[in-house]
Amino acid sequence: MLSLSVGQRGMKINTKIRYGLRTMIEIADCKNPEGVLQKDIAKRQQISVKYLDYIISALKLKGLIRNVGGRGSGYVLARPAVEITMLDIYTAFEPVLVVQCVSDDSFCERSSLCCKANLYWKQFHRQFVEMLSGRSLEQIMMETKEDCLLCE
């Protein structure tokens, strides 16, 4: 399944990844040592608790968040926001897959030849991964801090 599609309106990042970033920001923004409860994230981010279950599970499985206590307790980041990249968040839900011939040479017989289109997509893939890797959760929060103050 592609997490990235190109349509009439341009590149599209799927809902799981978008909500995953919103959830990570909500958790990173919490100053309470007890963490933030899932129901509070759902309410503030306007995400159904049922759908948020999937988001939380994927983020926990990737090792990005953890429960402070046991079941039903608040969530905190598993490591500092400066160490969590957008690539970490993205790949908690989907692999970075631009076109299938880049990640699977057997997909297309031209992949093993000198296919200029394949070479372009490989370069695009590398640049996309670099872009995602180059932005930490902390940077995202700091870069948007002033804009968010205007919304309050």
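Read-outs throughout are calculated quantities, based only on the coordinates presented, and are distinct from any laboratory measurement. Remember, it's a predicted structure, so these values are computed and weren't measured experimentally. Note that we place each Cβ from the backbone using ideal geometry, even for glycine, and neighbour counts take in every protein chain shown.
Hey, rough spin-label estimate for residue 128 and residue 51, points 7 angstrom out along Cα→Cβ, what's it come to in nanometres?
Going by the 7 Å Cα→Cβ label model, 2.2 nm.
Sequence neighbours fewer than 8 away in the same chain don't count; with that in mind, list the lysines whose C-alpha is under 29 Å from residue 116.
Candidates past the 8-residue exclusion: 12.
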